[in-house]
Each structure stands twice: as C-alpha cells, then as structure tokens.
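Since the structure comes first, as structure tokens, the remarks are kept for the end.
The values are calculated or read from the model by the stated rules, or taken from the named source; none is laboratory data. Since we're looking at a predicted model, the values are computed, not measured. Cβ: placed from backbone, ideal geometry, glycine included. Neighbour counts: every protein chain shown.
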Amino acid sequence: MSERTVCVTGIGIVSPVGNTREEAWKNIVQGVSGTDYISQFDASQWPTRIACEVKDFHLDKKAFHDGSLLNRSNEFGMQSAYEAMVDSGLSDILESKNNPIDPYRFGVSVGVGIGTIAPQELATLLRGTDFHSTDDFKLASSLEKTVNSKLLMKNHPGMFAGWLASRWNLRGPTSTIHTACASSGQSLGQAYLQIKRSEADIMLAGGADSLAGELLLAGFCLLGALSTRNDEPARASRPFDRDRDGFVASEGASMLVLEEKEHALRRGAHIYAEVVGYGETQSAYRITDLPPDGRGVKEAMEDALVQAGMVHSDIDYINAHGTSTELNDRIEALAISKVFSSRGCFPYINSTKSETGHLISAAGALEASFSILSIRDSVIPPSINLDHPDCGKSEYGDLRFVANKKLNYPVKVAMSNSVGFGGTNTSLIFKGID
Amino acid sequence: MDSSYHAGLGSVFGTDRSVVITSSYISSPLGEGTDINFQSLLEDRSNFTKAEDTYYGSLYKGICQDPKMSDLHDRKVSKVITRKDFIGIVAALKAATKVGIGKDCGINPERISVYSGSACTSTDDLSPYYSLIKKSYTAGQYDPKFFGRHLMEEVSPMVMLQTLMNNILCYVSVALDIRGANTNYLDFQTSGLRSVYEGACSILSGRSDVALVGSSSAIPELFLDPNPEDKLGSNNYKDYLCFSKDGTSPRVKPYDRSRSGTVMSEGACFLVLEEKNHALRRGAPILGEISYMKLNAGGSSAMKEGSYVPYGVVGSLSGTNIDKDDLLIGYGIGARYMDQNELMAYSQVFDSHDFMLYSSSGNFGDMAEAGNISNIAVATKILETGQIPPTSNFVCSDEPGWNISGHVEPFSGNNIYVTGLSLSGTGCTIKISRVVS
C-alpha cells in the first residue's frame, strides 16, 4: 500500500464520565467511575439496576440544528463530532468563505448500535392504533399504518453518517458499520485504510451508542451478561478481577478526525498521534462466545503489528477490550499473553471500561481516544476495581495491569483492542509524534 | 492520486492483483438463483402480491419464496435470526458452496474475507413488546415505569439476539469457517455495493484471496402513514410507493414519464470475489472483473424533499468514462423524484447519453439493501449472454436523449457500470468488465 501516513487531528467525547474530551479524560485518569443507578426508567425490579448513563447532556445547537431528527445515541455522536471538528480546526475552515477543503476528499465512517425505537416512542405510535385489540398480530398491522416515517428514519442506525455528511457538506466515502462491540474500532480502522488508499484525505470517524435504554438492557440482562453488583455501582465494572460478575451497560460517543499527515501539516493542524496499524479478523466460532484458545483476538493484534511494521516490543501500552465478563477477560488475556510473551515482559495493560462501562458500538472509538490521550500526556489511566487479577498469568510472567492507580509513563506506542459479539475482532495501533 | 480505482489499480496497493467474480446467487420475488432471476428479467416478469388496501389504493409487495430450513447449516440458528438474516445466510451459503468455498476447502481461512450488508431492526422485530406497551396504558396515559417493571417478565433474550444486525456475517463465517477481514454495513440501498467495494479492496491490497460479499433485506414492513403530510426523505410515500387503484398488480415503470412509484420487495444477493490468478489456478469460473469502483457521500440533507442533485452518485461516477458501447445499470425504482434526481446526477457527469441505461427494478421492485448488488450479478449474466433485459414498462422518458429500452437488446460491449444511491445520501459505482482469456 502507499506510503501515506494517517494521523489524528481532532477528538471529541461524550461519555458517562464527562461530556467533553478533557472532562472525560481528567476523570478517567483519576479513576472516577461513571456507574450509578439507572435513571431513565424504573429498573427497581430488575436483576441489574445499575448502568453508566451520560449525565446532564444537552445537544449544542451549533453541533446540529435540529435535535428532533436525532435519537439519543446520535445526539451524543453529533456532539462529539462537533467537538472533534472544532478541535481539528476544520469546523471553522469548512464554514469560511474561502474553504479550501475538497468535499469529495472528506469522508465519514461510523460504528453504530442497533438503534431500536424507544418504548416511549413506540407507545406514542401505538396510541393511534386499534389499541383495544387483543390480537398482537392485528395490533402490529395497525401500527404499520400509523408509523411516522420520520421517526423511523430518526432511529435507523444508517442515518447518523448521512447527518454528519449533511452537517459539514462532506462528499467523500461514507460508511456505517455494525459489528456489535467491534463497530467503532472497525470504523476507525476502515477510515485509516481509506486514507492510506487515497480514497480520502480526511475522515470523520468513530462511533455512538446507547445501551442504557430498557429494551437492549433487558436483553443483556436476560442473557446474564450484566453485573448485578447493585449495592456498589462504582465497584461493579472490574475487568480482569477475580470478583467480576458481568459488564456494566453504558452509552456515549467518541468521534475522531483522521487526516493524511502531509495534508494536516500543510494547514498547520495540531497532530495528536499517528495511526500506524489496523488488524481485523473473524473468530468464526459462536455469536456470543470466543474460541477458548484466543483465536481471532490474537491474530487481530498480530495483523495490526504487521501492518504497522512493528514488533511486540514496540508496544508500550494496551487499552484492552476488558469487559468485566469472565469469558472475554480470560480469553483476551490469553491472547495478549500469546502475542507478547516472547518479548520477556508485557506492555502495560488497562481496561477503561472499569470507569466507563461498556459502550458497545462506541467502545472502540472511546478507548482509541483514551489511548491517544495517554500518548499525549504520558500517563496510563488505572483499571479500577482490579483488586485480585486472576487472568493473564503465564509461564512467561504475569500481565502488567495498571491497577487502581494511574501510571506516569512515556507512552510512545499504544494498542487498542475490540472484540465483538458475532466474532469480529479489531486492533488499532497509535504512535506518538517524534 | 485519483480516489477511484480503475482496472489494474492493484498498483495503488503496490501489487499487480486484480479482482474477478466467480459466483453469484440472487434470491428475489422472481425466484431462487441468478440464472432463474436473469431468465425472468429477460421475459419481463414481475411477482408482486397484494399487501393491503390503503387510503391511496391497494398496496403490493414482493416476497421471496420461504427459505427452506434444510438450506441452513444449522437448524437451531433459525430461532435466533430474523427473516432478512435467513434469506441472506442462505444466499451467501449457496454462492460460496457453488464454487467450493467452505470448511476444509483447501484455502487458508484467514485469507478469506466476508463483507455483508444488512437491513436494520424493523418494527416487526419489536412486536414482542407490543402487548406490554398496550398494558402500560392506564386511563389513556402511557406509564413507562410500568413498562420497565414488567419488561423482564415478557421478553425473551432471543429477541435481542434476533435484532443484532451482524447475524449474517457471524453465521456465514461460522458455517464456512471464514476467519479473515470482515465487516457489516448499514448503508441502506448501497450496503451491498459497499460490501463489494471493501471485498475488492481487501483482495487488491493482498489481505485476502477470496471475499464473500453481499447484502439482504426483508422489507415488507410497510410503515405507511395515510397522512399525506408524512414524508420519507426525498419523497412523500405517495410519490414513492406504487398503488393500484383497480386491484390489479401494479406496474413499476423505471425512468418512464408515467411512472407512479415502486413496490417494496425483499431479497438477497451474494457474490464470491477472488484474486484473478487464484481463481485461474483452481479453475473457478470467471464471470467478470471488477475494474472500477468509487464511493461518495451526498453531502446534503439525507431527507431532502423533492428535486435535488444526489452528489453521492455524481461523485461516484465522476471518474468513469462511459463509452457508447458500455451499459449503465441505474437504481431506477420508478419513484417520481428518485428517478428524476438520479437522471439529474447522470446529466451532471456525462455530456452525452449515447450509452444504454437499464433498470431491473420494474421486475424486482425496490429490494433496498439487496437491490444494487443484485444488479452486479445481472451484469455478469449480460456479459455472458449478450442480452440486456427490458427496462420493464418503459415507453418514454420525461427527459429526452436517454437510451433506455422496453425490449430485450443485444449487448456487445465489454463494460457494465452498476450505480446505487442510498437514503442517507451515499453513492457507489462498481464497473464489471468482460475478462478476455
């Protein structure tokens, strides 16, 4: 592939630990948990009554003119995209009279969630139907006659990319990806490839999701995937810890501006880091489980290293997928151990899901952002609640978790992993600017 | 460097690799398999069935044959997938196994990639919640707390698994042991073309030797509002859908001046893409070569009303030099504004319209996520047979100068362009060329 270098020139974050990049980052470094009792609906009778919800959020009118066209996760996405675009300096440039940016060279790549209609909205729609019917089929049929198409489009996950392109008049390559928890890791990876392949000079990429609504939360609850540590919300998400009992559902967004390096330098943009490698594999095992030998996760990291032209000793820090579920943590730790064991000592590892919970389709982009900020500030945030690490022990030594306290460390190269329901695995590698 | 890929542009990736199509499978209301579908197109058949009577007249839809349980690799899977997944998985398995792609096929599973496109969760998928919503109304007021309290008693975890939108990607990978690069796109009508695009890039860049690509849709959730003020993006539904006033099956008339809307259909199409030398070495049939592709956004409101230029299409066609002997297969669904806007985009790109323009939507209906990619399979059959099927019900365009035919026409050219436009504004064009041995 060509020698074009891809860098990051803008970052935006809306998360349960802060609704701006710097607020979220400050809290992550301090080990602040975003988990609390569910406030969006009455979960008092549920096995899980906790989640990481975004708090005190208001969509800035400057971010998007009409919030009624966006569902909850797309509001987060649009706000974080606006922050990233302002951060990169491109928002002002695109809105200037002498805008020099070619819109056909500026694309969009987003990872999105399932995007179901909220029950409240379904209820509103159903109000006009044959509501007294006892026949659910008839009820469904009458619903179909009354659904407002605008409402359906608002909740269609494919619309977010369209709204982003529309907001900034972007006409480059545009994609919407859903591969569950790997969605936004993939959206960043594909944006990186698209710049490398010269399909675009700039890509607005990342993800948005909200799992804190009752329909999806109920589904994961019934699958037994969620933590039930209801009495200690802040201690519920504990990746790689012996006492973990499931993940904490979360919501939010992170959007990044990826840019061809020469293009960024020519316009004098601030560069956070370079994207140097992207690995993508399929486990081909089961939809909800990982192969016990770590197949797929391991190859994604190895693929990323090959793409980056790096070896395992080049990696200083891994922001692991680390969900706080028994299966993921054990297998990911095993895969990391297999990739890195021969170097003698392991890179530092954390899972920022211990603070943010699991943002599913937005997780990869948020964790990529934290990895990049680790490089910027030479600090690795703590994996909180990691009191008794119980995985990653091998004959080559133990994985080096950054447990409960931040670590000041000059991170030059960071890796960010994502592992999705459905078998998709991704690994991204970021490198600081010399 | 240009952002479009032309023939031989494996060089963009520093290789001399090229991508060919070795297999296809279309599932549509016209039937199962690419050959059956193409024959139906040549015979100008359609297969629309009445859905319901509405404010505007009778509404029709296009339904595939019910998939057979025996076509799934694992019958248990049927409990955790939706109809669109079922149709898509079967089409993918049939396309792959036809040319020997599968478990223990002798190809390194990490060198096989899979890219799928999918429709999103529909209101039908949420119907298990309806009865609880109904119970949550007391004295005409919806009580969300009641809904939340009782949700756990009413819902099965299977519902959540069914609504995952990467089910096709997952189950096809498991069934065929595909472990290479992969993703799942939700780009409305261009999802399938997007999957072709990335599958070809994966092969050109050397990450894969084989890519299984495709998309599926099971639309007939009609979400029709009898209120004429309800808008769907660029079109009022009244302008978008085809209604029959006399109860007879409606005629979808792509690009024709008397067009009155489309029929929503379901379907799926999967293709096997392969590095050319890899295909030759194992004796796989070569149906055509992918020799150009480009992807663009619309850059304007995705839900604009009425007449506008879809810049996604303009952008994706801007690198083409269509010759008079070439064929352009458009989206052309017979909806008033969409056809008009599509032709406006073509007019912006091309000075003259001496090449032929064709649409299959008069026969398929609007197969949404499966529509544009099916046209790639159709293109391979046009290259093979030298026959362009009729653009169904076409008599006269409202804009002069377009070379569109309502009859079977001969084709002796070497290049066919397939272009698509999505509701979110994305445009994508793929060129399929004849491979001269």
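Okay, here's what the table says:
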| read-out | value |
| --- | --- |
| Subset tally (residues that are part of a strand (DSSP E or B) and either more than 14 Å from A:Asn425 (Cβ to Cβ) or among the hydroxyl-bearing types (Ser, Thr, Tyr) (or both)) for segment A:302-318 | 1 |
| Residue in segment A:183-195 that is within 14 Å of another protein chain (Cβ to nearest Cβ), in a strand (DSSP E or B) and under 19 Å from A:Ser109 (Cα atoms) present | no |
| Residues being crowded, with 24+ Cβ neighbours inside 10 Å and not small (Gly, Ala, Ser) - total across segment A:264-289 | 5 |
| Residue satisfying all of: in segment B:198-214; part of a strand (DSSP E or B) and closer than 17 Å to B:Ser374 by Cα; farthest from the other protein chains (Cβ to nearest Cβ) among these | B:Gly214 |
| Odd one out for A:Leu222 among (1) within 11 Å of chain B (Cβ to nearest Cβ); (2) surrounded by 24 or more Cβ atoms within 10 Å (Cβ to Cβ) | (2) |
| Residue check, A:Ile28 assigned by TED's automatic domain parsing to the domain that holds A:Glu262, farther than 24 Å from A:Ile195 by Cα and under 22 Å from the mean Cα position of the chain (by Cα) | yes |
| Given (1) surrounded by fewer than 23 Cβ atoms within 10 Å (Cβ to Cβ); (2) under 21 Å from the mean Cα position of the chain (by Cα), number of the condition A:Leu334 does not satisfy | (2) |
| Residue match in segment A:91-107 (condition: within 12 Å of another protein chain (Cβ to nearest Cβ), buried (at least 22 other Cβ atoms within 10 Å of the Cβ) and out of contact with any Pro (no Cβ under 6 Å at 6 or more places or on another chain)) | yes |
| Selected residue [assigned to a strand (DSSP E or B), within 34 Å of the chain's Cα centre (by Cα) and surrounded by 17 or more Cβ atoms within 10 Å (Cβ to Cβ)] from B:Ser173, B:Ser116 | B:Ser116 |
| Top-ranked residue of segment B:127-160 - restricted to ones that are assigned to a loop (DSSP other than H, G, I, E, B) and in contact (Cβ under 8 Å) with a residue 24 or more places away in the chain, ranked as nearest to A:Pro119 (Cα to Cα) | B:Val155 |
| Out of A:Glu232, A:Glu259, sole residue that is surrounded by 24 or more Cβ atoms within 10 Å (Cβ to Cβ) and charged (D, E, K, R) | A:Glu259 |
| Those residues of segment A:379-429 which are among the small types (Gly, Ala, Ser), under 28 Å from A:Gly111 (Cα atoms) and touching a Pro at 6+ places or on another chain (Cβ under 8 Å), in sequence order | A:Ser383 |
| Cross-chain or 6+ apart pairs with Cβ under 8 Å, segment A:169-181 first and over 12 Å from A:Gly422 (Cβ atoms), then in a loop (DSSP other than H, G, I, E, B) and among the basic types (Lys, Arg) | none |
| Which listed residue is assigned to a strand (DSSP E or B) and more than 16 Å from A:Ala43 (Cβ to Cβ), from A:Ser250, A:Ser237, A:Ser254 | A:Ser254 |
| Residue selected from segment B:257-274 under the condition surrounded by 24 or more Cβ atoms within 10 Å (Cβ to Cβ) and among the charged types (D, E, K, R), by the criterion nearest to B:Arg111 (Cα to Cα) | B:Glu274 |
| Residue within segment A:127-149 that is more than 21 Å from A:Gly219 (Cβ to Cβ), modelled with pLDDT of 95 or more and surrounded by fewer than 20 Cβ atoms within 10 Å (Cβ to Cβ) present | no |
| In segment B:126-177, the residues that are touching a strand residue (DSSP E or B) at 6+ places or on another chain (Cβ under 7 Å) and either farther than 29 Å from B:Ser216 by Cβ or facing chain A (nearest Cβ under 7 Å) (or both) | B:Ser136, B:Met165, B:Asn166, B:Leu169, B:Ser173 |
| Elements of type strands (runs of 3 or more DSSP E) in segment B:7-100, at least 2 residues being without any contact (Cβ under 8 Å) to a residue 24 or more places away in the chain and crowded, with 18+ Cβ neighbours inside 10 Å | none |
| Matching residues, segment B:371-397, being surrounded by 24 or more Cβ atoms within 10 Å (Cβ to Cβ), out of contact with any Leu (no Cβ under 9 Å at 6 or more places or on another chain) and within 21 Å of B:Pro250 (Cα to Cα) | B:Gly371, B:Phe394 |
| Filter result for B:Glu369 (at pLDDT below 95, touching a Ser or Thr at 6+ places or on another chain (Cβ under 9 Å) and assigned to a helix (DSSP H, G or I)) | yes |
| Every residue from segment A:154-176 that is under 18 Å from the mean Cα position of the chain (by Cα), farther than 17 Å from B:Gly427 by Cβ and more than 7 Å from chain B (Cβ to nearest Cβ) | A:Phe160 |
| Matching residues, segment B:387-405, being under 23 Å from the mean Cα position of the chain (by Cα) and without any contact (Cβ under 8 Å) to a residue 40 or more places away in the chain | none |
| Test: B:Gly298 is under 25 Å from B:Val408 (Cβ atoms) and buried (at least 24 other Cβ atoms within 10 Å of the Cβ) | no |
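So that you can scan it fast, the table gives a plain yes or no per residue for (1) closer than 20 Å to A:Gly34 by Cβ; (2) buried (at least 24 other Cβ atoms within 10 Å of the Cβ); (3) within 12 Å of chain B (Cβ to nearest Cβ); (4) modelled with pLDDT of 95 or more:
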| position | (1), (2), (3), (4) |
| --- | --- |
| A:Lys62 | no, no, no, yes |
| A:Leu69 | no, no, yes, no |
| A:Ala81 | no, yes, no, yes |
| A:Met85 | no, yes, no, yes |
